[in-house]
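We did not get these values from a lab; they are worked out from the coordinates using the rules stated. Keep in mind the model is a prediction, meaning the values are calculated, not measured. All Cβ positions, glycine included, derive from the backbone under ideal geometry; neighbour counts span all protein chains shown.
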C-alpha cells in the first residue's frame, strides 16, 4: 500500500514538472531574438529597420565609400551618384540626390542622417 502512494506522488510531481516545462517553453518561444541571445535585432520598436553606418560627404565620397558606409546604397547607385556629381558639379542640397536615377524620397528620408554636403562630420566621418 505504501508503494502505491509513493508512485502516485511521484507521478503527480512528474506531471507538474512537465506542465511547468511546457508552459515555460511556450512563454519563451513567443519572445523575439535579441542581441544577447547571439542574434542581432534588425528592427526597432516600430517595426522599422535599424540602419548603421558612417557619415559621408556626398561631394567628396567615392562610390566605394558610399557603399561601405551608407546603408541601402548599392554599388550601382553609388556609381550613379558619383557620375551625377562629375556631370553637374557638387550637390547643393541633399534633395538634389532625387535627380539621380534610382534615388527616391523614401531612400533619402532613411539615409539622410548619414549624408553631409561638406564640413566637419566628426571622428566617424569619411569626408
Measuring from label point to label point, each 7 Å out along Cα→Cβ, what is the residue 105 to residue 72 span in nm? 1.4 nm
Protection proxy ranking, peptides 83-89, 51-57, 107-113, average beta carbon neighbours within 10 Å, highest first: 51-57, 107-113, 83-89
Extension gain, residue 87 back to residue 50 (0.36 nm per residue minus Cα-Cα distance, nm): 10.0 nm
Mean projected area (nm²) of the alpha-carbon convex hull when region 56-116 is viewed from all directions: 3.4 nm²
